[in-house]
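The values are calculated or read from the model by the stated rules, or taken from the named source; none is laboratory data. Just so we're clear, the structure is a prediction, and the values are computed from it rather than from any experiment. FYI the Cβ positions are ideal-geometry reconstructions off the backbone, even for glycines, and counts take in every protein chain you see. Ligands, DNA and RNA are stripped out before the accessible areas are found, and what is left, the full protein with its side chains, is counted by its heavy atoms. Shrake-Rupley method; radii C 1.70, N 1.55, O 1.52, S 1.80 Å.
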Amino acid sequence: MESKRQQKFSRLIQKELADIFQREVPHLFGGAYISISVVRVSPDLGLARTYLSVMMAQNPESVLLEVRLNAKTIRHLLAQRIKNQVRIIPELSFYLDDSAEYAARMDKLFSNLDIPPAGEEDEDDDTYTK
């Protein structure tokens, strides 16, 4: 459970990183659209785990690798934006957020299930109430 301080700090980092990815460094990632899904901050505010959603890219793994290679530049841009608001500029670690893919896989699995309709005798059966 994150403290209020961690939550405020992670929201600030998420907002600023989203702006950095949209306005300042989109040319580094070959036209891929990168959004920040979640930022989780360590209790000492020294590490920010950032989960990225990558769209319009052939290979999201290669975009993640490129982001990791440019992490120092991204951290510097973040520092320029938040240096007057925070005491510590956190180390950034980036991960792919695959929750959208996971949800799509689950939807596909559920749509492929063949569930027969309940018969009339099944509806009247009170086996669960006994």
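Under 17 Å from VAL25 (Cβ atoms), open to solvent by less than 30 Å² (accessible area, probe 1.4 Å) and either among the polar types (S, T, N, Q) or not in a loop (DSSP other than H, G, I, E, B) (or both), is that true of LEU64?
In short, yes.
If I ask for residues that are small (Gly, Ala, Ser) and in a loop (DSSP other than H, G, I, E, B), which ones from region 16-50 would you list?
Scanning region 16-50 gives GLY30, GLY31, ALA32, SER42, GLY46.
Could you please give the count of residues in region 71-112 that are part of a helix (DSSP H, G or I), among the hydrophobic types (A, V, I, L, M, F, W, C) and touching a residue at least 60 places away in the same chain (Cβ under 8 Å)?
Counting residues in region 71-112 that are part of a helix (DSSP H, G or I), among the hydrophobic types (A, V, I, L, M, F, W, C) and touching a residue at least 60 places away in the same chain (Cβ under 8 Å) gives 2.
Can you tell me how many residues within region 4-59 are open to solvent by 50 Å² or more (accessible area, probe 1.4 Å), of a type in the set (S, T, N, Q) and touching a residue at least 24 places away in the same chain (Cβ under 8 Å)?
Total satisfying the criteria: 1.
Which numbered condition in (1) in a helix (DSSP H, G or I); (2) surrounded by fewer than 10 Cβ atoms within 10 Å (Cβ to Cβ); (3) modelled with pLDDT of 75 or more is the only one that ILE115 fails?
Of the numbered conditions (1) in a helix (DSSP H, G or I); (2) surrounded by fewer than 10 Cβ atoms within 10 Å (Cβ to Cβ); (3) modelled with pLDDT of 75 or more, the odd one out for ILE115 is (1).
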